[in-house]
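Undergrad: Sharing a structure with you now.
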Amino acid sequence: MNFLAELTFKPELWFFPFTHLPEGLWTSVLVGITCGVLGCFVVLRRMALIGDALSHAILPGVVIAFLITNNTGVWGLLLGALLAGLMTAVLINVVSQKSRTKEDSAIGIVFTALFALGLILISNLPRGTHFDLKCFVFGIPDAVTMEEMQLMAAITVLVIGTVVLLYHSFKLVSFDPVAAAAMGIPVMFFHYLLMGMISATVVAGLKTTGVILVVAMVITPASAAYQLTNRFSHMLILSGFFGGFSAILGMILAFVINAPSGPSMVLVATMIFVLSMLLSPSHGYVFEKLRKYRLRRHIDGEDVLKAIYKVEQSGENATGERIGKQAGLPLDYLTKLYGDLLREKLIYLENNITSLTDAGRKRALEMVRSHRLWESYLVDRANLDPDKIHIHAEKLEHAHELADEIDRTLGHPKKDPHGSEIPNAGGKD
Amino acid sequence: MRLGPILDPAMPQATIDIAIKLRDLTVSYEEKPVLRSISMDVPKGEIVGVVGPNGAGKSTLLKAMLGLIHPDAGDIRYYGKMISECRQLVGYVPQTEAVDWDFPVTVLDVVMMGHQGRLGWFGWPNESHRKEAIDALETVGMAPYRERHIRQLSGGQQQRVFLARAICQKAEILFLDEPFGGIDAATEQAIFSLMDDLAGKGHTLLVVNHDLSVMDRYNQLLLLNQRVVAYGPPKLIATEENLRKTYGGRLSLLDKADSVLKDHL
């Protein structure tokens, strides 16, 4: 990495990094954004393997273009890559439809064959010509020329413009191709358009990450965005942002720790993905834990209400200790639950004695009713032993929304299997 | 062979609009016939159940009627038009298993997709399209759920959303692919009464269904096993003999004829 080695750490770069860094950074950012946006379609349509295939299979196209034009002019390479990319997509379709080969195998067969063809073509290049395979495979961002940067900028504008213009059609085709075809939208055309755009992006951005890692730029930011949102448009924007951000941060990281920039970008993208896995509001680990904790606390709060109700019924003083014993909860946790219940105005405290408010009493009775109805249901319908149902009913009672339905199903029973009265709906004694 | 369903004799036949007309529809995959000479007339406002075992060609019939595969022979007309002339007239409600329920779209997004055929490739829906989509959701009783993600729906609600998409498309002929997979009996009834409502409004519904349990809820029944075994009101055609013909194995002689012909070629 010559360019990295020449640079020493300059703090001012942290504040104005973009004005000083060369074409490689800008191209990487553009590749990140474009791959991020296109990656959404790849991820949603479960074509991750196709991304891999396209990036490898463009090699023969690039080599042939190189042979014909006899230089590494970007437009020739782009055309070669586009043709090779589209041919890959067509071949995959032909193989999977005209034989019993499944699509994933078809992809594997086609792209390895084309990559192998590319390697043989390289080895047979005329003497004196130099084709840098290493650059193709691993990428060398500091070798990005001004011309290549301009090309990538043009591709970014074209891709994003196309996606925006055809946004709703793309959404339909990706979500429900059968309905789209039935509505008269040419699904295969959209497929090849997507393949073409991915090929163009991959070849133009080749020097930034190389063919092996460019797949990560396609799949990883999009997968991260997929974790975080339920809206297609938000996913596209987030993914584009993650891609661009990975490129910038990856470049800075590479510069700071003196590492190759392509892998750094990929690792940043992976880090974003891991964070999104943990932090996703609907699917993430952290929020899942938090939701479970809240539910637990809600359930324990309801148990405390019931405990207070029972202690009151027995005529004893509802002190904290007594309630804790009744509900089987440690005192420090009980204090927290008291905090919740006081805030919800379900209980009040007077001289260290806890009492239920009207709302609290109603809720406690609902719990008792639900508990006894569930016990009746378990004995009546699930044929469980009346001595063993209490522990199940302790859990089920918190599904008190279903109490009325059980009541109806069982024909409004008056007493539970243990002979205790079942309170009426509405929480009246 | 009888082409049309057995109609109520009290109804003057001349005034009945024929919504779907199939004549000698024949489709084969890799030279193996899947559908043989299917003919039927479906009057407007009918609910037709297409019933048959696996491999009877139900989904092939659906694909051919949607214009997704080319038949080898025969003719498909909707109010006299070919599918290529009236694609928006025909709405498709996919099988629940075929839908990616994790796709990042809301209920309203899905219904709005019904506009895309008319809007064309570059089309962006506007506020009035949005209103139409919400109206379609009202029709199926799903308007309060419009901002929900599709993953958060029950089986019956999922069916309703896709029906709403077909309504939003202003489709008059609706194809439902196995709408009763994985839903309970009560939901099934709810879907049927919704279909009755739609039929009452002049929609014609074709429901593909592999099991026989709800057979008598249809106005017309098409017993299919590569050919039309019988077509008409369930009461008249769901005889033991017809059902045996439908479900009791392939037509062995025709299959034999195929292999003989193949050997000759």
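The values are calculated or read from the model by the stated rules, or taken from the named source; none is laboratory data. These numbers come from a predicted model, not from an experiment. Counting neighbours? That spans all protein chains shown, and the Cβs are built from the backbone with ideal geometry, glycine included. Heads up: the accessible areas ignore ligands, DNA and RNA and are worked out on the full protein's heavy atoms, side chains in. Shrake-Rupley method; radii C 1.70, N 1.55, O 1.52, S 1.80 Å.
Undergrad: State which helices in chain B qualify, where a helix is a whole DSSP H run, it must extend 15 Å or more along its own axis by its Cα atoms, and its mean Kyte-Doolittle hydropathy must be at least -0.5. Write down the numbers at each step before the final one.
TA: Working: long enough: B:127-139 (18 Å, -1.17); B:155-168 (20 Å, 0.08); B:185-200 (22 Å, 0.51); B:252-264 (18 Å, -0.44).
The answer, listed by residue number, is B:155-168, B:185-200, B:252-264.
Undergrad: Set the Förster distance to 45 Å, then compute FRET efficiency between B:Glu147 and A:Ala116 from the Cβ-Cβ distance, nearest 0.05. Walk me through the numbers before you get to the answer.
TA: On the way: r = 51 Å, r/R0 = 1.13.
E(calc), rounded to 0.05, equals 0.35.
Undergrad: Work out the FRET efficiency for A:Glu288 and A:Thr357 from their Cβ-Cβ distance, taking R0 = 56 Å, and round it to the nearest 0.05.
TA: Details: r = 33 Å, r/R0 = 0.59.
The calculated FRET efficiency here is 0.95.
Undergrad: Something else about it: What is the distance in Å between the Cα centroid of the range A:105-170 and that of the range A:176-229?
TA: 14
Undergrad: A follow-up question, please. Leaving out ligands, DNA and RNA, calculate the buried accessible area for the pair B and A with a 1.4 Å probe, summed over both sides, in Å² to the nearest 100.
TA: Values: alone 13410 and 22450 Å², together 33200 Å².
Looking at B and A, the buried total is near 2700 Å².
Undergrad: At a cut-off of 20 Å², which residues of the range A:185-207 become less accessible once all protein chains are present than in their chain alone, using a 1.4 Å probe?
TA: So the qualifying set is A:Ile185, A:Pro186, A:Phe189.
Undergrad: Against the longest principal axis of chain A, how steep is helix A:331-343, in degrees 0 to 90 to the nearest 10, with axes from Cα atoms?
TA: Helix A:331-343 and the main axis of chain A meet at about 90 degrees.
Undergrad: In cubic angstrom, how much convex hull volume per residue do the alpha carbon atoms of chain A span?
TA: Working: hull volume 100.3 nm³, N = 429.
Taking only Cα atoms, chain A has a hull volume of 234 Å³ per residue.
Undergrad: So, one more: With label points built 7 Å along Cα→Cβ from the Cα atoms of B:Asn126 and A:Met146, find their separation and express it in nm.
TA: Taking the simple label geometry, B:Asn126 and A:Met146 are separated by 4.5 nm.
Undergrad: How far apart, in nm, are two points set 7 Å out from the Cα along the Cα-to-Cβ line at A:Asp387 and at B:Asp184?
TA: Reported label-point gap for A:Asp387 and B:Asp184 is 3.3 nm.
Undergrad: Can you divide the C-alpha Rg of the range A:286-356 by 2.2 N^0.38 Å and report the result to two decimal places? Walk me through the numbers before you get to the answer.
TA: Values: Rg = 12.4 Å, N = 71, 2.2 N^0.38 = 11.1 Å.
Cα-based Rg divided by the globular estimate yields 1.12.
Undergrad: Right, another one. Longest exposed-loop-site-free stretch of chain A, with trypsin sites (Lys or Arg not before Pro), DSSP loop and at most 13 other Cβ within 10 Å? Write down the numbers at each step before the final one.
TA: On the way: sites that count: A:Arg46, A:Arg100, A:Lys102, A:Arg127, A:Lys345, A:Arg381, A:Lys414, A:Lys428.
The answer is A:128-344.
Undergrad: For chain A, what % of the accessible area comes from carbon and sulfur atoms, probe 1.4 Å?
TA: On the way: 13270 of 21080 Å².
Answer for chain A: carbon and sulfur cover 63 percent of the accessible area.
Undergrad: In deg cm²/dmol, rounded to 500, what helix-only [θ] at 222 nm does the protein assembly as shown give when every DSSP H run of at least 4 residues adds -39500 (n - 2.57) and the total is split over its residues?
TA: On the way: 30 runs with 403 residues, N = 694.
Helices in the protein assembly as shown give a 222 nm mean residue ellipticity of -18500 deg cm²/dmol.
Undergrad: Would you mind checking the pairs A:Lys336/A:Lys395; A:Lys171/B:Lys170; A:Lys134/A:Lys171; A:Lys388/A:Lys414; A:Lys310/A:Lys336; A:Lys102/B:Lys21 and listing those with alpha carbons more than 30 angstrom apart?
TA: Working: A:Lys336/A:Lys395 21 Å; A:Lys171/B:Lys170 20 Å; A:Lys134/A:Lys171 37 Å; A:Lys388/A:Lys414 21 Å; A:Lys310/A:Lys336 20 Å; A:Lys102/B:Lys21 36 Å.
Cα-Cα > 30 Å for A:Lys134/A:Lys171; A:Lys102/B:Lys21; rest within.
Undergrad: Normalised by the residues of chain B, what does the relative contact order come to in percent, with Cα pairs under 8 Å and at least six apart?
TA: Values: 466 pairs, mean separation 69.3, N = 265.
It rounds to 26 percent for chain B.
Undergrad: Mind telling me which of A:Leu213, A:Leu341, A:Leu228 comes out most flexible in a GNM of chain A, alpha-carbon contacts under 10 Å?
TA: In this elastic network of chain A, the residue with the biggest mean-square fluctuation among A:Leu213, A:Leu341, A:Leu228 is A:Leu341.
Undergrad: Give me the percent of accessible area attributable to carbon and sulfur for chain B, probe 1.4 angstrom.
TA: For chain B, the apolar C and S fraction of the accessible surface comes to 52 percent.
Undergrad: Also: Counting chymotrypsin sites (Phe, Trp or Tyr not before Pro) as exposed when in a DSSP loop with at most 13 other beta carbons within 10 Å, what is the longest stretch of chain B free of them?
TA: Working: sites that count: B:Trp101, B:Phe122.
Between exposed loop sites, the widest span is B:123-265.
Undergrad: Just to check I understand the Karplus step: with θ = phi - 60° and J = 6.51 cos²θ - 1.76 cosθ + 1.60, what whole-Hz values come out for the range B:40-45, glycine and proline as x?
TA: 6, 10, 10, x, 4, x
Undergrad: B:Ala230's amide H: which non-local residues (gap 5+, or another chain) put their own amide H closer than 5 Å, with H modeled 1.01 Å from N in plane and none for Pro or chain starts?
TA: Placed amide hydrogens put B:Leu223 under 5 Å from B:Ala230.
Undergrad: Something else: For chain A, what's the relative contact order in percent, using C-alpha pairs closer than 8 Å and at least 6 residues apart? Mind dumping the intermediate values first?
TA: Details: 591 pairs, mean separation 72.8, N = 429.
Rounded, it is 17 percent for chain A.
Undergrad: Provide the per-residue ³J(HN,Hα) series for the range A:234-246, in order, calculated from phi with Karplus coefficients 6.51, -1.76, 1.60 and θ = phi - 60°, each as a whole number of Hz, with x at glycine and proline positions.
TA: Along the range A:234-246, the couplings run 4, 4, 4, 5, 4, 5, x, 5, 4, x, x, 5, 4 Hz.
Undergrad: Which net charge results when you count Lys and Arg as +1 and Asp and Glu as -1 among the other residues whose beta-carbon is under 13 Å from that of B:Lys81? Walk me through the numbers before you get to the answer.
TA: Details: positive: B:Lys21, B:Arg77, B:Arg87; negative: B:Asp17, B:Asp75, B:Glu85, B:Glu172.
Here the charged neighbours net out to -1.
Undergrad: A:Lys395 versus A:Leu165, label points 7 Å from Cα toward the beta carbon: distance in nm?
TA: About 5.8 nm, to one decimal.
Undergrad: Report the net charge of residues surrounding A:Val178, where surrounding means a beta-carbon distance below 10 angstrom and charges are Lys +1, Arg +1, Asp -1, Glu -1. Before the final figure, lay out the partial values.
TA: On the way: positive: B:Lys63; negative: A:Asp176, B:Asp177.
Once positives and negatives cancel, what remains is -1.
Undergrad: Right, here's the next one. For the protein assembly as shown, what is the accessible area per residue in Å² when the probe is 1.4 Å?
TA: Numbers: 33200 Å² over 694 residues.
Per residue, the protein assembly as shown has an accessible area of 48 Å².
Undergrad: Summing Lys, Arg as +1 and Asp, Glu as -1, what charge do residues with Cβ under 10 Å from the Cβ of A:Thr409 carry, A:Thr409 excluded?
TA: Details: positive: A:Arg381, A:Arg408; negative: A:Asp380, A:Asp404, A:Glu405, A:Asp407.
Within the 10 Å Cβ shell, the charges total -2.
Undergrad: To the nearest 0.05, what FRET efficiency results for A:Thr101 and B:Ile69 with a Förster distance of 25 Å applied to their C-beta separation? Let's see the in-between values first.
TA: Working: r = 21 Å, r/R0 = 0.83.
Between A:Thr101 and B:Ile69 the formula returns 0.75.
Undergrad: A further question follows. Cα convex hull of chain B: how many Å³ per residue?
TA: Values: hull volume 39.6 nm³, N = 265.
Dividing the Cα hull volume of chain B by its residues yields 149 Å³.
Undergrad: Taking only C-alpha pairs under 8 Å that are 6+ residues apart, what is the relative contact order of the range A:286-356 in percent? Present the calculation step by step, with values, prior to reporting the outcome.
TA: Values: 52 pairs, mean separation 22.8, N = 71.
Relative contact order of the range A:286-356: 32 percent.
Undergrad: Can you give the mean number of other chain Cβ atoms that lie within 10 Å of the Cβ atoms in peptide B:84-95? Mind showing how you got there, number by number?
TA: On the way: counts 1, 0, 1, 5, 3, 0, 2, 3, 7, 1, 4, 1.
Going residue by residue through B:84-95 and averaging, the value is 2.
Undergrad: Please identify, among A:Ala259, A:Ala182, A:Ala153, the residue showing maximal mean-square fluctuation in a Gaussian network model of chain A using a 10 angstrom Cα cutoff.
TA: A:Ala182
Undergrad: Using only alpha carbon positions, build the gyration tensor of the range A:224-364, then give the equivalent ellipsoid semi-axes as the square roots of 5 times its eigenvalues, largest first, whole angstrom.
TA: Details: eigenvalues 551, 50, 22 Å².
Each semi-axis is √(5λ); the values are 52, 16, 10 Å.
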